[in-house]
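Nothing in this text is a laboratory measurement; each read-out follows from the coordinates by a stated rule. The shown structure was predicted, so the numbers you read here are calculated from the model rather than taken from an experiment. Cβ atoms come from the backbone with ideal geometry, glycine included; neighbour counts cover every protein chain shown.
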Amino acid sequence: MKLSITGLSNSGKTTLFNALTGKNLETTSYPSKEESPHFGIVKVPDYRIEKLAEIFKPKKITHAFIEYIDYAGINIKDTTHNSKVIEQIKDADAILHAVRAFEDLSIQHPIDDINPLRDIRIFESEILFHDFELVDKRIERINEAQKKGKKSDEAEKKLLAKCKQALEADIPLRKIIFSEDEEKIMRHLQLITIKPEIVVLNIAEKDINSKKIKVLQDEIESYYSQKGFPEKVKVLNLCGIIEMEIAQLESSDTKAFLDDLGLQEPAMHRLIKLSYDLLGLISFITIDNELKAWTVKKGINAYKAAGKVHTDIERGFIRAEVINYNDFISCGSMSVAKDKGLVRLEGKTYEVKDGDIIYFRFNI
């Protein structure tokens, strides 16, 4: 999973990146023009993997992981810079949109005052404009090719016209319903407004768990609901500075620090859960010499899941031995689980569930 961190300048994007990755990159009090992104790989916390490792003691343990990429901020006075930034985020699975909701006179806001909903509208306008330009230019190229006698893809032309109509009306493409065939056709365009988005409100420490932030979050969620796609956009609030401090702590000190702040878990954990939910992802587990979590789309069948492990396993698929993590833990061992009939043999069409422990039988 690849998530791009973006938003207006001085919204706390790099602070958020540090909080999520445990890194300590320098943050500035002025808008940065640096266009080289920062990359960070984060292990997905999963208590199931830790527990199974205690039981099976495998030679190797591999968690699922997320890649976070921190890009330069959107600068409302520099459209050329913005085009480069937006172009960089096109291959992300989802957007982490950092929105400033904290007051700090030492950190310049690009529009001077703090107004999260206004900033959200500005960012949405920027990515809408990017997609409109891309679609319009693609239509122009197809039309020019047609004039030269080249055959055009009528299905793509029809799809582009559908996208252009929505974008002209300031409607993000995530609101539009596309068929599977249309989604395949448009995949190479890598449009931005079709991507799921997590709005991360970067708040002040004094506002943690405050009524003020709850009201603000409700307003933003209402804004997206009125635009008709609340299931494609999630809103989360956190204090970037505090979360960055938490990420630097030893694990033994983390709980006490969180308790003092009235927080149940680090924002990193909450954000990962939200990302999985937003993108419709689950994890299944394989155990051999290596204990490994595999991230897949919800609804995937056993045959396709086997291909995630290895193409040879998919090609020679026979059956999948399946037990869910909770059933296994209730038994304590695989032999007891088998005696109780909780280990099932499933065929190609079995829908994999979150937390399934699977052994694939195959022959090639």
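Pairs Lys158/Lys348; Lys77/Lys184; Lys60/Lys255; Lys13/Lys206; Lys51/Lys340: which are spaced more than 30 Å apart, C-alpha to C-alpha? Let's see the in-between values first.
Working: Lys158/Lys348 36 Å; Lys77/Lys184 35 Å; Lys60/Lys255 28 Å; Lys13/Lys206 20 Å; Lys51/Lys340 21 Å.
Result: Lys158/Lys348; Lys77/Lys184 exceed 30 Å.
Given points 7 Å out from each Cα along the Cα-Cβ axis, report the Asp170 to Lys308 separation in nanometres with one decimal.
In this crude label model, Asp170 to Lys308 measures out at 4.0 nm.
Give me the mean projected area, in nm² to one decimal, of the convex hull enclosing the Cα positions of region 160-242.
Values: hull surface 27.0 nm².
For region 160-242, averaging the hull's shadow over all directions gives 6.8 nm².
Within 10 Å, count the other beta carbons around each residue, average over each peptide in 262-275, 99-112, 336-349, and list them highest first.
Listed from highest to lowest mean packing, they are 262-275, 99-112, 336-349.
Count the DSSP beta bridges whose two residues both fall in the chain, then state the antiparallel fraction as a percent rounded to the nearest 5. List each step's numbers first, then the result.
Numbers: 24 of 50 bridges.
Bridges in the chain that DSSP calls antiparallel: roughly 50 percent.
With a cut-off of 8 Å between alpha carbons and a minimum separation of six or more residues, what is the relative contact order of the chain in percent? Working shown, then result.
Values: 599 pairs, mean separation 65.0, N = 364.
After rounding, I find 18 percent.
Fewest to most neighbouring Cβ within 10 Å: what's the order for Cys331, Cys239? Walk me through the numbers before you get to the answer.
On the way: Cys331 16, Cys239 26.
Ranked by crowding around the Cβ, least crowded first: Cys331, Cys239.
Using square roots of five times the C-alpha gyration tensor eigenvalues, list the equivalent-ellipsoid semi-axes of region 43-177 in whole Å, biggest first.
38, 28, 13
Please list, ordered by chain and number, the residues whose modelled amide H lies under 5 Å from the amide H of Thr62; skip anything fewer than 5 residues away on the same chain.
Leu291, Lys292, Ala293
Where in region 211-253 are there GluC sites (Glu not before Pro) that are in a DSSP coil and have at most 10 other Cβ atoms within 10 angstrom of their Cβ?
Working: sites: Glu219, Glu221, Glu231, Glu243, Glu245, Glu250; in loops: Glu250.
Sparse-neighbourhood loop GluC sites (Glu not before Pro): Glu250.
So for each of 299-312, 167-180 I average, over its residues, the number of other beta carbons within 10 Å; can you give me the resulting order with the highest mean first?
On the way: 299-312: 16.5, 167-180: 14.9.
Result, highest mean first: 299-312, 167-180.
Given the convex hull of the Cα atoms of region 2-278, what is a quarter of its surface area in nm²? Can you show the working numbers first?
Numbers: hull surface 71.3 nm².
It is 17.8 nm².
Compute the Rg/Rh shape ratio of region 299-362: radius of gyration over Kirkwood radius, all on alpha-carbon atoms.
Values: Rg = 11.7 Å, Rh = 11.9 Å.
Rounded to two decimals, Rg over Rh is 0.99.
So how do 66-76, 10-20 stack up, highest first, on mean other-Cβ count within 10 Å?
Working: 66-76: 21.5, 10-20: 26.2.
Order by mean packing, descending: 10-20, 66-76.
Calculate the FRET efficiency for Asp113 and Thr80 from the Cβ-Cβ distance with a Förster distance of 22 Å, rounded to the nearest 0.05. Please report the intermediate quantities before stating the final value.
Numbers: r = 26 Å, r/R0 = 1.16.
The formula returns an efficiency of 0.30 here.
In debye to the nearest 20, how big a dipole does the chain give about its Cα centre with +1 on each Lys and Arg Cβ and -1 on each Asp and Glu Cβ?
Working: 55 positive and 59 negative charges, 306 e Å.
For this selection, approximately 1460 debye.
How much mean residue ellipticity at 222 nm does the chain get from its helices, if each DSSP H run of length 4 or more adds -39500 (n - 2.57) and you divide by all residues, to the nearest 500 deg cm²/dmol?
Details: 14 runs with 158 residues, N = 364.
One gets -13000 deg cm²/dmol as the mean residue ellipticity at 222 nm.
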